[in-house]
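**Q** Okay, handing you the structure first.
The values are calculated or read from the model by the stated rules, or taken from the named source; none is laboratory data. This structure is a prediction, so every number in the text was calculated from the model and none was measured. Backbone-built Cβ (ideal geometry, glycine too); neighbour counts: all protein chains shown. Areas reflect the complete protein model, heavy atoms only, side chains present, ligands, DNA and RNA absent. Shrake-Rupley method; radii C 1.70, N 1.55, O 1.52, S 1.80 Å.
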Amino acid sequence: MIKGVIFDLDGTTINSLNDIYNSVNIAISDFGYEKKSKDIVRRYMGNGFRKLVKGLLPDDVDDKTIDKITMHYSDIYGQHYMDETFAYDGIYELMLSLQDMGIKIAANSNKKNEYTENIMHKLFSKIDFVATIGARENIPNKPDPTSALEIVELMNLNKDEVMYIGDSEVDMQTGINAGLKVIACLWGFRNKKDVENYNPVLFANKPSDIYEYIKEINK
């Protein structure tokens, strides 16, 4: 029986592409580097701020410069992370339905912890989250399972009672590293080919697919 679910943010519960795309392009162009297309930015999302910035810069850029641009991007994004970010259709309804079933709900992201908490509580205000955990100092980012395992403990559940839901390779790896079953969302920033090798228990084309799947398991 499934008693808890952990949702990723970017590409799973929220479409944050425009805010990230706009902010990171301002940051790298302010340092004299060429702006990138949305498709390129999309490919590097989900691994934290520094890896996003590094992925958009030439290979020969030194670490000190990457750090400076990352800090600049963080400052810009911190002012604009809710400008055009919105919940995917059907996600709020999914969370409400799962909550009505008595399933515990949490969120786990490589986005800064402050932003993660603000976004989730603003866009999904009727959800009683067990936790909304983002990137924190001295705690490794996903796909390290530290935060996911912390959430499982906060839920007071066994690993086999919790599912990890995400759209990217990082999400699949996080869930697997934590010993959880994973669900791949196909409406986000990746496609089926990107995640099929991780053998998720479900490829969800829409949020209601997740509800029906869990409902069937919990009969």
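**Q** Give me a comma-separated list of calculated 3J(HN,Hα) values for segment 145-160, in order, Karplus coefficients 6.51, -1.76, 1.60 applied at θ = phi - 60°, integers in Hz, x for any Gly or Pro.
**A** Computed from phi, the couplings for segment 145-160 are x, 3, 5, 4, 5, 4, 5, 4, 5, 5, 6, 6, 10, 7, 4, 6 Hz.
**Q** Using the Cα atoms of segment 1-121 to build a convex hull, what is its mean projected area in square nanometres?
**A** 8.2 nm²
**Q** Can you give the three extents of the C-alpha atoms in segment 124-206 along their principal axes, from longest to shortest, in whole Å?
**A** Principal axes ranked by extent give 32, 30, 25 Å for the Cα atoms.
**Q** Another question, then. Sorted by packing (mean other beta-carbon atoms within 10 Å per residue), highest first, where do 85-96, 107-118, 25-36 land?
**A** Sorting 85-96, 107-118, 25-36 by mean packing, highest first, produces 107-118, 85-96, 25-36.
**Q** Solvent-accessible area per residue for the chain at a 1.4 Å probe radius, Å²? Display every interim value, and only then the final one.
**A** Details: 10410 Å² over 219 residues.
About 48 Å² of surface per residue is accessible.
**Q** Another question, then. Roughly to the nearest percent, how much of the accessible area of segment 125-219 is carbon and sulfur, given a 1.4 Å probe?
**A** That share works out to 44 percent.
**Q** Another question, if that's okay. Find the Rg to Rh ratio for the chain, where Rh is the Kirkwood radius over alpha-carbon pairs and Rg uses the same atoms.
**A** 0.97
**Q** Return, for the Cα atoms of segment 1-41, the radius of gyration and Dmax in Å, separated by a comma.
**A** 15.3, 53
**Q** Please state, as a whole number in µm²/s, the translational diffusion coefficient that the Stokes-Einstein equation yields for segment 75-184 at 25 °C and 0.890 mPa s, with Rh defined as the Kirkwood radius across alpha carbon pairs.
**A** It diffuses with D of about 168 µm²/s by this estimate.
**Q** Related question: For 161, 84, 216, give the ranking by accessible area with the largest first, probe 1.4 Å.
**A** So, going from the largest accessible area down, we get 216, 84, 161.
**Q** Here's another thing I want to ask about it. Out of the total accessible area of segment 31-80 (probe 1.4 Å, heavy atoms of protein only), what percent is carbon and sulfur?
**A** Details: 1470 of 3060 Å².
With neighbouring chains kept in place, the figure for segment 31-80 is 48 percent.
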